[in-house]
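Everything on this sheet refers to the single structure shown next.
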Amino acid sequence: MGLLDGYGVLIVSDSSELRSEVGFLIEKDTQFVMTGMAKHGNTVLDCILASKPDLVIIDLDMVNSDGLLALHLIMNHNPIPVVVLCTHTPEGSMKTIQAMRLGAADYFHKEMLSQELKNKIMTSYFLERCKMAIQNGIQGVYDSHFYSTGIVETVLSTPLPHRQDQFQRRMDIEFYLRRAIDNQEFHLAYQPVVDVYTNQIVGLESLIRWNNATLGHVPPSDFIPIAEECGLIHEIGEWVLKEACMQNKRWQEAGLSKVFVAVNLSRRQFNDSRLSRMIQTILEKTGLHPKYLELEITESMSMEVELAADALRQLKKLGVRVAMDDFGTGYSSLGYLRDFPIDKLKIDQSFIKGLIQSQVNAVIVNTMVTMARNLNLLVVAEGVETEEELQVLRECGCRLVQGYYFSQPVMAKRIEEMLHLETKQTG
């Protein structure tokens, strides 16, 4: 089959209840066509030859490990995209690890699947994951963010006693991440950007934080890659933009110093054609002037130059500022400066940390600052922690800095106190 006719789906399970549930979900999308059901893993090849599906959904809880047998037969004889259904248990996690090693394109919790029948959003999520598995193809999963970030490789290289715990945590994060916005589990912390000549706060970088009742505090480095892989990053990113703009507008309406707020964009957000319109809508609804919003992109995004330049031009038309984060860590820095309409460079903290000990780092930072000045770009040094580092940056002519020397990321209430104090001093 194909896009014109719909996607054919084969379900492999010895549970009539599960076959009915999955079949019910599949029929909700006109792009899917049920081509058959297999009750035994060893019959999967015959069913594939008879119905020629585009996707096989396999139950890993079949007796005698029939689910893994079916997957093994498919990958060795007739490789097509496979989504495996797993349980929210240590045993289910181990089976999922085996399935991913054999070549399954994706997996889905049965606990989440049971919610599908009652929740339209979750139903759509499951169906989109199935489509993504088909569109990525068999080899696509190895290029996905899930694999390229080394999550599975790290798990598989971990000693067996800890392996299932790591993989279970990854599955738990995805499970609870879906509910995080509705449950109001996210909040933003803000780290000041300071003018070293005036010691005034001129901007704030917004940083998302997540506390879940079951998982506790989950670092962004853990949940952001998973959000990108499963498509939740768009919803989360929109929440961050909206929250940061609303908060900045509240500070301004309270008569506090007007500063910019910076928001990091992920690769998937940046490549979304709807990004510009979404940001425009948020600015209109919050009433925040565009010049007080700064969007941070990273040079490690591996962007296609023409598409990226066009996307940045669309954003610049809104009147927002664009900063390149982690500058100096990629391979195309100078080319990006030539091709992209950028307002600011943020020097990666790895150069700042070795500023005192390494003469090379000092030369590199000085070169970056000089180059940026000649290109009429602003510069922010990230990760400043000591007076010695600050002094070197002053000597280099770097006016804007950010780091623990001035403040770690703090809650909005603390930022309000800082801005209030500055407003009193300057007023």
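Local charge sum around Ala213 (other residues, Cβ-Cβ under 11 Å, Lys/Arg +1, Asp/Glu -1)? Charge balance in the 11 Å sphere: 0. Taking other C-beta atoms within 10 Å as the exposure proxy, Ile282, Ile347 rank Ile282, Ile347 from fewest upward.
Sorted fewest first by neighbouring Cβ atoms within 10 angstrom, Leu337, Leu283, Leu393 come out as Leu337, Leu283, Leu393. The share of alpha-carbon pairs in the chain lying farther apart than 40 Å comes to 30%.
Cross-link reach is defined here as a Cα-Cα straight distance under 27 Å, omitting same-chain residues fewer than 8 places apart; for Lys28 the lysines meeting it are Lys39, Lys52, Lys110, Lys118, Lys120, Lys131.
For the chain, what is the relative contact order in percent, using Cα pairs closer than 8 Å and at least 6 residues apart in sequence?
Once normalised by length, the contact order is 10 percent.
Spatial offset of the stretch 361-384 relative to the stretch 20-38 amounts to 57 Å, using the alpha carbon center of each.
Cross-link partners of Lys316 among lysines, defined as those whose alpha carbon lies under 23 angstrom from its own and excluding same-chain residues fewer than eight positions apart: Lys242, Lys249, Lys258, Lys285, Lys291, Lys344, Lys346. Taking every alpha-carbon pair under 8 Å whose residues sit at least 6 apart, the stretch 1-122 reaches a relative contact order of 22 percent.
Can you classify the stretch 186-426 as rounded, prolate or oblate using the Cα gyration tensor, where a ≥ b ≥ c are the square roots of its eigenvalues, rounded means a/c under 1.5, and otherwise it's prolate if a/b beats b/c and oblate if not?
Numbers: a/c = 1.38, a/b = 1.12, b/c = 1.23.
Taking the square roots of the gyration eigenvalues as a ≥ b ≥ c, the stretch 186-426 is rounded.
Coordinate-derived values only; no laboratory data. This is a predicted model, so every value here is computed, not measured. Note that each Cβ is placed from the backbone with ideal geometry, even for glycine, and that neighbours are counted across all protein chains shown.
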